[in-house]
Amino acid sequence: MPDRHDLPAGFRWGVTTAAYQIEGAAEEDGRGPSVWDTFVTRPGVIRGGHTGAVACDHYHRYPEDIALMKGLGLDGYRFSIAWSRIQPVGSGPVNPAGLAFYDRLVDALLEAGITPLPTLFHWDLPQALEDEGGWLNRDTAYRFADYAAATAARLGDRIPTWITLNEPFVHTVFGYAMGIHAPGRALMFEALPAAHHQLLGHGLAASILRERGLEVMLSNNLTPVEPATSNPADLTAAAAYDALHNRLFTDPVLLGRYPDLSALGVPDDIFGAIRPGDVDLIHTPGLDGLGVNYYNPTRVAAPTDPSLPFDLVDIPDVPHTAFGWPVVPDGLRRLLVGLQELYGTALPPITITENGCSVDESAAPDRLRIDYLATHLDALATAIAEGVDVRGYYTWSLLDNFEWAEGYHQRFGLVHVDFETQKRTPRASYAWYRKLIATHRALHSG
Ligand code: FCB
């Protein structure tokens, strides 16, 4: 069995973060409010009443954080750009002070020998656009393309590859269908126009970026779906869930068509959102790489409530993270091999743009995180040996940070953060990751 020491020469190592989860400085240098600034003020939606107003104070402490990255020997750093720093109300003139922050960040990364890999949208829509309907409003896709153009005009000379969206599945379902993330709308399947408009925004932005000679990726949360049993009703439910979680976001981009969503009660035109030519706008620009965020598989059963198309059930008999997510490393191999089988030559090279786990400090030492990373990298090496083209691995996350509805309760960092003092303390997993990267590099040098 191949393992993590068999990853190919040129394989790229990184870490991932996101703006609202680490930056803080919510009101500094002209940053406008985003949907997350608004959502966190709603009583009861965030565990502990936490907010990202200060987070890891990365906005001021980025030199220290880049030094930590340099210490790991990283090839790349995936971060996200806060749209409302660039355009405080989501449209119109850019805010020079906001762009200047990312200018400084990018220059400092390059100075440290680390390639910046920005994501343009990691869920923090400018509140002014939400006031106009957010991603339910088709116009937001065009505003996103304008923002992408303005940002690339300033930073594109130093950044070769751009990720348009982070996890449109999670943003649509948690943010617009269930209301547990910003903007907190609970529209169930009628949320899906928000998915189409994000994909349209991706397509419009991708064509602008590629015209500038830049490479484009899209990162989604993908999950291998397993039916609870081999009963036909469970198989049907699993297929419906797979269409919603995975194929809805990958088929239009890679194949130029939407999957059949009729089992979810969703009409072919996604409640009138799809206009003629839209799917071409999403598909035609093409993709230089697919970003895969993998955390766990999903087990699906036939619904007990007949008004729903499926039930999600736990995967027993495997370890679970502090978040309660099942730990199934082979799920990553199955996911990757499944993508290769399904999309064949339409599948671009893959980068794992997120993978990691939260660990309960009081109950367990950092051994759990090291095991999680090691076993998932072994599964990744096996997928590569089985023919999947995977170019790199970015772990979530460099630092403990604001974990959305969980506030500061889930600790995903290679580096511990004391949120009272902002002191950063590298964990055992930090030293482990550094050694793994150094060993891989030594094996392939010369
Ligand atoms: C992903 C998100 C990321 C982080 C991890 C734990 O779904 O993209 O921001 O919250 O989960």
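Here T223 clears all of (1) of a type outside the set (G, A, S); (2) within 16 Å of the ligand (Cβ to nearest atom); (3) out of contact with any helix residue (DSSP H, G or I) (no Cβ under 8 Å at 6 or more places or on another chain); (4) within 27 Å of P303 (Cβ to Cβ) except the condition numbered (3). Among residues of the stretch 160-183 being more than 15 Å from the chain's Cα centre (by Cα) and open to solvent by less than 30 Å² (accessible area, probe 1.4 Å), the one that is nearest to P285 (Cα to Cα) is T161.
Against the definition (farther than 22 Å from H440 by Cβ, open to solvent by 30 Å² or more (accessible area, probe 1.4 Å) and not in a loop (DSSP other than H, G, I, E, B)), how does R391 come out, yes or no? Considered against the rule, which asks whether it is farther than 22 Å from H440 by Cβ, open to solvent by 30 Å² or more (accessible area, probe 1.4 Å) and not in a loop (DSSP other than H, G, I, E, B), R391 comes out as no. The number of residues in the stretch 250-274 that are more than 21 Å from L218 (Cβ to Cβ), open to solvent by 30 Å² or more (accessible area, probe 1.4 Å) and of a type outside the set (F, W, Y) comes to 8.
Considered as a group, the residues in the stretch 394-409 that are open to solvent by 10 Å² or more (accessible area, probe 1.4 Å) and assigned to a loop (DSSP other than H, G, I, E, B) include one that is nearest to the ligand (Cβ to nearest atom), and that residue is E403.
Within the option set D157, D107, being surrounded by fewer than 17 Cβ atoms within 10 Å (Cβ to Cβ), closer than 26 Å to I282 by Cα and over 23 Å from the mean Cα position of the chain (by Cα) holds for one residue only, D157. Within the stretch 55-73, the set of residues being in contact (Cβ under 8 Å) with a residue 60 or more places away in the chain and open to solvent by 10 Å² or more (accessible area, probe 1.4 Å) comprises D57, R61, E64, L68, G71, G73.
Selection of the stretch 275-316 for residues being more than 23 Å from the chain's Cα centre (by Cα), assigned to a helix (DSSP H, G or I) and buried (at least 18 other Cβ atoms within 10 Å of the Cβ) yields only D278. Among the residues of the stretch 343-362, those identified as under 12 Å from D389 (Cα atoms) and within 16 Å of the ligand (Cβ to nearest atom) are T351, I352. Please go through the stretch 1-43 and give me each residue that is of a type in the set (D, E) and under 30 Å from Q127 (Cα atoms), ordered by number. E23, E27, E28, D29, D37 - these are the residues of the stretch 1-43 that are of a type in the set (D, E) and under 30 Å from Q127 (Cα atoms). Only one of the numbered conditions (1) closer than 22 Å to G71 by Cα; (2) touching a residue at least 60 places away in the same chain (Cβ under 8 Å); (3) among the aliphatic types (A, V, I, L, M) is violated by A112, and that is (2). Put simply, of R158, R210 the only residue that is at pLDDT 95 or above, within 24 Å of L254 (Cα to Cα) and more than 16 Å from the ligand (Cβ to nearest atom) is R210. Scanning the stretch 8-46 for residues that are of a type in the set (A, V, I, L, M) and open to solvent by less than 50 Å² (accessible area, probe 1.4 Å) yields V15, A18, A19, I22, A25, A26, V35, V40, V45, I46. Considered as a group, the residues in the stretch 412-439 that are open to solvent by 50 Å² or more (accessible area, probe 1.4 Å) and charged (D, E, K, R) include one that is farthest from the ligand (Cβ to nearest atom), and that residue is K435. Among all positions in the stretch 35-56, there is at least one residue which is under 22 Å from the mean Cα position of the chain (by Cα) and basic (K, R).
Within the stretch 334-370, the only residue that satisfies the criterion of being within 15 Å of N221 (Cα to Cα) and basic (K, R) is R334.
Across the stretch 115-154, what is the total count of residues that are in a helix (DSSP H, G or I), β-branched (V, I, T) and under 29 Å from A67 (Cα atoms)? So the count comes out to 1. Considering only residues in the stretch 324-358 that are farther than 19 Å from A379 by Cβ and in contact with a helix residue (DSSP H, G or I) (Cβ under 7 Å, 6 or more places away or on another chain), the one that is surrounded by the fewest Cβ atoms within 10 Å (Cβ to Cβ) turns out to be A346. Considered as a group, the residues in the stretch 372-388 that are buried (at least 17 other Cβ atoms within 10 Å of the Cβ) and not hydrophobic (A, V, I, L, M, F, W, C) include one that is farthest from the ligand (Cβ to nearest atom), and that residue is T382.
The values are calculated or read from the model by the stated rules, or taken from the named source; none is laboratory data. Remember, it's a predicted structure, so these values are computed and weren't measured experimentally. Quick reminder, even Gly has a Cβ in these numbers, built from the backbone with ideal geometry, and neighbours come from all protein chains shown. Just so you know, the surface numbers come from the protein's heavy atoms only, side chains and all, with ligands and any DNA or RNA stripped out. Shrake-Rupley method; radii C 1.70, N 1.55, O 1.52, S 1.80 Å.
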